[in-house]
Structures are given as structure tokens and as C-alpha cells.
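Colleague: Starting off with a structure, shown below.
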């Protein structure tokens, strides 16, 4: 949720919008505490001592720093799964009207105590290791706590949802049985006939494409889990990939891509954990006196290794552990490797945050510069280690987010984005056969606006796309909201109507909304048919 004091929120004429008469479904919202001109930054902290989760800490035990500057902790809460039970979404959420589709849970839906997505990486993991990992996923499901919500996805260049998050053991076991290993090198890895330089360039290009696809997968999962309350876990089962590569033609550093992916996960309150699919390897580089042990012996360090030495990131484990460690550390997660019992690693990841502390602060106006800020947290009690997100973007009022998700990506993702609550309804236009009138509503609590001339201002991008169509209809809309219309707008959201031409006999209409100030997104699908 973005607490940027969004107050009065009704779309002005430029949006051609109308107040929605259908309150948006979703978790009930106790009157949110807004602070004019600021954005609440939440830092979820996992505290561990030698016995496990460290309980009993108070607000006074923590000190929080933003780019080295101490910030007052304006919001503090403690969450323990031992005090919680699966609960339905509040009955205060009104049921959906007939024909209305939402990207948020409806009244009565059960919210698990914990929510964890297991992502089986089929691009960066050899087929034999996928088989091993899949077997261990099945064992983990037999060991999981009934209160834990688990989802099972695969990544094969894109996301495939085998089973979305559920506590239903039967559904999860059936999903695990549907998991199959696939060849990780299906995309033209054969460099036969190429010169050494051509082969090197081709391999580098292929790796770049795959890393970009993984980054987009992490971002899509973050957008999908964003509205789920509490801390979430994403367990990435993988062999990883090099954080830095260098050949005769080009050097590529993947840290910026992984940093952006981690930022998206942080914004959605998702901790990334990595479990090495290779299991127990034995003698390992960095863990024995033998150099390059897992690659069968000593070798001269290449440019990539030398660069990691310069960064202080020499791997202390199997190859590519440095990449897993780098990205999980940014989200406050952990890495599990050199064990055949990786189902126990899954358990540790799920239970990693059984006790969490949420620290919230408001950056001063002078710090809202649109830049990435480093976060650090200290605790006064000795013998405690802390795990938390290491950065955030200090949003700048009135400016567009530097990196927005592409509409194409949002419309094609198999996961609905939930950062912005959206509901929609489509009905045939009786006066124009083949056309549908679509009504779209957005939850104003999820949009970020800035004050100017007695109004609250912002902008969104809205897209409509039919499956298998060649293009999408895209509209950029300016938001201008009179201050005196706050109550109605917050209660009902904002809505607008749009006519779309449908040329098929059946299919789905994809709708995506992006807040141009933050990059937050909401998306859903409406099944349509013309008889």
C-alpha cells in the first residue's frame, strides 16, 4: 500500500471518468493514517539469536537509518505466526456484482497465515538437478504445516503457474505430481560452425536474455503478491548464473538487473530465498584448499573472478552462489546449499519469518529525491542478527517513476498484478454488434498523487488487449482530484467506461493499469464470448 497522503481522489474531465458506484473488493481498510506530502517506508525485520527467532523486542530496541541519517520510527508492529490462524477476508468487503471481475480476494476467501511461492528454475538448472529438486518438493509438501499457504510455479523463460498459493494439501500434491523436468538448453545453445568470437557473443546474448526473463519473472511475482498481507516468501530453486561475465568482446555485470528485481520484491514485502538444486556437491571452491574444486581442479582466475575479488565477492561455495547470495541479501532472505535435504531448506524459508518486526518511517521532504536510498537497522540487544531489505526508492512527488513495467509485459503475464485494486465488467453493446462496453474501477488507496492548486494530481496508463490480437488499445490519463471529494472517492474508487471491438467468438480481455508516479500496476482478465 502506498500511504502518500492520496486524499481527495475523483478523476477530472481529462480522464473522462465517473465515480464508481461499486466499492472495490479487497481486505477491509481501517482508516489509513496519511501524512501530507510523504510516503511511508516499511522495513520488515527478521531478528535471530542462537535459539531461532528473537521474540520480545520493542520499538525502543531498534534504530533505523536512511542513507546514514537516523529516522524516527513512526510505525511499529510485531507479527508472530504462532498467534495467528487462517482467516477469511473481512465480511465488510461487499460481494461482487454479477459479471464483475476483480484482481483482489472476495469476501470469505481464506488468507493463510504464511504465503510462500516455490519457483522451480528450469532455465538455469540442469535437467537431472530439476528431477532431484522436484522429488524434494513432494517431500516438503508432506512436512509442511497445514496453516502455511504454498504456491508452485516454474520458470522456463516465462512463469507457469502449476498451483497458486493455497493451504489445500490435495491440490498441492496433485500440482507436485504435474511437475516435470525440462531441458535447460532448449534455446539454440549449439554454436557449431561459429567462430570463437561469434560463439562467445551468442552465448553472452543468450545469457542476457535469460537473466532479463528471470528479472521480469521476479517482478511479475512481486506484483502478484503485493496485496497479500504480511511478509511473503519466494523460494528460488536453481543452480544460478554468473553475476559477472567477461569475454573477448564484452563484459556484462548482472548486478543492476538483480538489484531492480530485488527492489520490486522489497516493495511487495517479499523475501527471496535461494535453494541450490545441486544438493550435496562435496569439495567446493572457497570451502577447501583446492581451487575450482567443483570444476575438477585448479585453473587461472578469469577476468570475471578477478572482478568479483575486487568487489569482495569471491564465492564461498559452489559456482554462482555469489549471485544467489547477492540478490537474496538485498531482500533480507537467505541461501541454502550443499545439502541433499533441500526440503528442509524449504521449511527453513517458510518458517524464516515466523516472527517479524515492521518499522515504518516517513522520509522528510528534502529526502524525496527519486533516488535509491540505503537502509540499515541496528538492535540494542546483543547476540541478535538482523535480516531486512537494504534499500528503497525515495519517490519524488510530481515526477514519473524512472522505470515503469511495460504494458506488453503486464498484459502477457500469467499472473494478475495486485498493486492497484482493479475491478471490471464488460457487456455487449446492443447498438453496435461486436463491441463491448467496459467499465473499469480503480482503488484510490493504491495510487500516488501530489497536491497542487487545491487538487490532487497524478497519471495512469490503461491498456486493453484481446488474446491473440496484434496490438493493445492504450490510453494515458491525467488525474485531477478536487480536495472536497475525498470521502466519496476513497469509498467508491474511480471508474471510467471504454468501448472495445471484439472480432473473435470467445476469448479473454486483458486489462492493465499502471500508476505512472510509482510503476505500481493492477491487471485482470475478463472472459468474453459472442453468440
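The values are calculated or read from the model by the stated rules, or taken from the named source; none is laboratory data. Since we're looking at a predicted model, the values are computed, not measured. Counting neighbours? That spans all protein chains shown, and the Cβs are built from the backbone with ideal geometry, glycine included.
Colleague: Kindly evaluate residue 328 against the criterion of being assigned to a loop (DSSP other than H, G, I, E, B), touching a helix residue (DSSP H, G or I) at 6+ places or on another chain (Cβ under 9 Å) and either modelled with pLDDT of 90 or more or not assigned by TED's automatic domain parsing to the domain that holds residue 476 (or both).
Modeller: The answer is no for residue 328.
Colleague: Which numbered condition in (1) closer than 30 Å to residue 53 by Cβ; (2) out of contact with any strand residue (DSSP E or B) (no Cβ under 6 Å at 6 or more places or on another chain) is the only one that residue 357 fails?
Modeller: (2)
To keep it simple, each residue is scored yes or no on (1) within 20 Å of residue 271 (Cα to Cα); (2) at pLDDT below 95; (3) out of contact with any helix residue (DSSP H, G or I) (no Cβ under 7 Å at 6 or more places or on another chain).
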| residue | (1), (2), (3) |
| --- | --- |
| 122 | no, no, no |
| 146 | no, yes, yes |
| 167 | yes, yes, yes |
| 187 | no, yes, no |
| 194 | no, yes, no |
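Colleague: Same structure again: Would you say residue 201 is part of a helix (DSSP H, G or I), within 30 Å of residue 388 (Cβ to Cβ) and either over 25 Å from the mean Cα position of the chain (by Cα) or modelled with pLDDT of 95 or more (or both)?
Modeller: Answer is no for this residue.
Colleague: Still on this structure, I have one more. With in contact with a helix residue (DSSP H, G or I) (Cβ under 8 Å, 6 or more places away or on another chain) and closer than 30 Å to residue 370 by Cβ as the only criterion, which of 407, 511, 420 stands out?
Modeller: The conditions single out 420.
Colleague: Determine which single condition residue 107 fails, assuming it passes every other condition in (1) modelled with pLDDT under 95; (2) in a strand (DSSP E or B); (3) surrounded by fewer than 19 Cβ atoms within 10 Å (Cβ to Cβ).
Modeller: All conditions are met except number (2).
Colleague: Can you give me the number of residues within the stretch 340-368 that are closer than 30 Å to residue 448 by Cα and surrounded by fewer than 15 Cβ atoms within 10 Å (Cβ to Cβ)? Talk me through it step by step, then tell me what you get.
Modeller: Let us first name the residues in the stretch 340-368 that are closer than 30 Å to residue 448 by Cα, namely 353, 356-368.
Now restrict to residues that are surrounded by fewer than 15 Cβ atoms within 10 Å (Cβ to Cβ): 364-366.
Matching residues across the stretch 340-368 total 3.
Colleague: Provide a single number: the residues in the stretch 372-405 that are over 21 Å from residue 218 (Cα atoms) and out of contact with any strand residue (DSSP E or B) (no Cβ under 7 Å at 6 or more places or on another chain).
Modeller: 7
Colleague: Could you list, in sequence order, the residues of the stretch 45-79 that are on the phi > 0 side of the Ramachandran plot, exposed (fewer than 14 other Cβ atoms within 10 Å of the Cβ) and not in a strand (DSSP E or B)?
Modeller: To start, the set of residues in the stretch 45-79 that are on the phi > 0 side of the Ramachandran plot comprises 52, 56, 67-68.
Narrowing the set further to residues that are exposed (fewer than 14 other Cβ atoms within 10 Å of the Cβ) leaves 52, 56, 68.
Passing the criteria: 56, 68.
Colleague: Another question about this same structure. For the condition without any contact (Cβ under 8 Å) to a residue 40 or more places away in the chain and surrounded by fewer than 19 Cβ atoms within 10 Å (Cβ to Cβ), what is the one hit in 139, 178?
Modeller: When all the criteria are applied, what remains is 178.
Colleague: Just to be sure, is residue 474 over 30 Å from residue 153 (Cα atoms), touching a residue at least 60 places away in the same chain (Cβ under 8 Å) and not in a loop (DSSP other than H, G, I, E, B)?
Modeller: Here the answer is no, as residue 474 does not meet what is asked.
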